[in-house]
Each structure stands twice: as structure tokens, then as C-alpha cells.
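Beneath this line is the structure, given in C-alpha cells, with notes to follow.
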């Protein structure tokens, strides 16, 4: 077993990864933002807020101190919502070792800068140290239950990606490597918007035809934007593109799809989120994605209409009508690597 790893963030995904990695590390430090939750985890050995029903192994050590979680740690896994990555990193920066490996498991795009996660990390830490991302079609509940799953470990070099692959691979977790950091991060972020769109469709009571069309055309839009940002097209037809998209758009475990269903049923975003503890990343990501498609003049009607439903109070029925009335071109128009 490896000696230790620090996990920053004890939501459902951070907790699931802590349980997963407890089989590979003698000590797993788990930073918990909420003091009350930290006390509960320490006392009951269960994250009843975000991942109930899964006991924490004895070698997971919850803490509410960022200093305690990161001091003298050379291996750090970041699992906080994208919109708080910048402020979280600013707080842990003074405690970081000179040589460390930072792996990000968050999915999203920063609204103000339009940075993907590894770009936020580079901007805050101003470091030449290796930064990696893990992503793929994985629900926290199933990873914690050790359901056979697959991830992609992405880094700027294949050597670094293989290092992350070795950290996460088990007999229940297949881990592939990639050097397309931007593609892996864009696929993981934008699929949440399409999941909201398919949820809206399901909430309206539309059929499987509509869902399939939204998933397929959503993948085209993700590919258009991703290749414009420098990603490789093939990345979007792998685990972090098509795989994650299908999972999130079709499963009842998807927070983004569930939010979309409620929107389709007539609830407002404010009604849906007022009593919700977990974050549906697609809501904020839609703002950043809308800014990107306008900045680069990219045709991405599903993303645009979803943004307007979420942030401009457009009715789902009107958005559907507008989508169906759009003039269309060839099926793969605007995807850079196919031109």
C-alpha cells in the first residue's frame, strides 16, 4: 500500500473516492468543509449528508482543517465544486510541499475566466508541478459500492497520466490514460448541461426519440466547442465524452437530469434548489458554456436553450419549439477535426 493521500472535499464524490482509495493507502486524510459533518463522520463513520449507507474504513481520517489535511502531503486529490476551486486552492497554497502531485476530480468551467479545472489550478498555484484530472462515467454511490467502473486519467504527459492510472486502478476500477486534458475536462463539464436538457425533455413527458436526439446532438455540440478549444475529437467518443454523457442523461442517479425533470414539470430553478444540499454542476456550467459559444460564435442550440431556461426563465415548451424551428446544416458541421 502507498503511505498517504489527502482528499479535499467530502461531498458524495469525494467520500466515494476516499472509500475507493482506502484500499490502496494506509492513511486517507479527508477534508470536510462543514464542521458539523466532520464531527458526524468522525463519530458515526458515515457521510449521512451526501453518501448515506456507506461506512468509512478505519484508515480514513476526517478533518475540518485545511492545514492538517495538506501539510506534508505530496499527493492531493481535489474534489470540491468548480466554483470554489480557486478560493480553496488559495487557502491551501501556503501548506503545499515543494514537490507534489495534484489530481482534480471536479467537473465544470469557471464562470468568470472560462477556465477548465486544470487551468484554474495553474493560475492559482503558478506551478510547474504535475496536474492531472480524473473523469468518466461514474456515480459516487456505485463507486463506493465497488461496482465495476471505468475512469480516464489525464495529464499533460503520458508518464504523469500513467502515475495517476496506477493510483486509482483496482480490480473493480479500470483506468485508461489520456494526454488530452482540455478534452477530458470539457467532456466532463458540458455533459451536465445536456443531462439537464434531457431531464427537461423527460419532465415534459416526451419520448425516447427526443432523448436520443438530444444526447446525440448534444455530443456534437460538445465536440464543436471542445475542438475549438484545442481538444482532440476522439476524446469525446470515449469514456469522458460519450460514456459520461449517456450515463448522466439516462440515469435517475444523475442530479443534473433530476433537476431537468423538475424544470420540465413546471418548477422554477429557485424552487428546486432552495432545499438542496448537493450541487448540480450543470447550472453554473451553463453560464460559462453560453459565454464560450458566444465568444467563439459556435452553433450550440441545445446548450443555448438550456442556458435560457436556467438563467433567463424561458419556458421549456418555448425552448423546444425554437429548437425544432431552427434551420439545420450537415450533421457534423462545425466540428474542427472533421473539416
Practice prompt. Between the alpha-carbon centers of the range 307-339 and the range 18-67, tell me the distance in whole angstrom.
Written response: 42 Å
Worksheet item: Which whole number of Å³ per residue matches the convex hull of the alpha-carbon atoms in the range 190-338?
Response: 104 Å³
Worksheet item: Percent antiparallel among DSSP beta bridges with both residues in the range 118-189, to the nearest 5?
Response: 45 percent
Discussion item. Can you give me the angle between helix 181-203 and the longest principal axis of the chain, using Cα atoms only, in degrees from 0 to 90, rounded to the nearest 10?
Written reply: 60 degrees
Worksheet, complete the sentence: One would report the antiparallel percent of DSSP beta bridges in the chain, rounded to the nearest 5, as 25 percent
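For the range 1-53, what is the Kirkwood hydrodynamic radius in Å, using each pair of distinct C-alpha atoms?
11.1 Å
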Practice prompt. Any chance you could list P(r) for the chain, counting all Cα-Cα pairs in 10 angstrom bins from zero, rounded to whole %?
Written response: 6, 27, 35, 23, 9, 1
Worksheet item: What percent do you get for the relative contact order of the chain when only Cα pairs under 8 Å and 6+ apart count?
Response: 14 percent
Worksheet, complete the sentence: Between the Cα axis of helix 35-44 and the main Cα principal axis of the chain, the angle (0 to 90°, nearest 10) is 60 degrees
Discussion item. Using a Gaussian network model on the chain with a 10 Å cutoff between Cα atoms, which of 200, 328, 167 fluctuates the most?
Written reply: 328
Worksheet item: Gap in Å between the Cα centre of the range 285-299 and the Cα centre of the range 144-171?
Response: 30 Å
Worksheet item: What order, most packed first, do the peptides 278-285, 87-94, 191-198, 175-182 have when packing is the mean number of other Cβ atoms within 10 Å of each residue?
Response: 191-198, 278-285, 175-182, 87-94
Fill in: Taking the range 190-338 and dividing mean pair separation by its residue count, relative contact order in percent (alpha carbons under 8 Å, at least six apart)
35 percent
Discussion item. Using only the alpha-carbon atoms, how far is helix 316-325 inclined from the longest principal axis of the chain? Give it as 0 to 90 degrees, nearest 10.
Written reply: 60 degrees
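All of the numbers you see were taken from the coordinates with simple rules; none came from a lab. These figures come from a predicted structure and were not determined experimentally. When we count neighbours, we look across all protein chains shown, and the Cβ atoms used for this are built from the backbone with ideal geometry, even at glycine.
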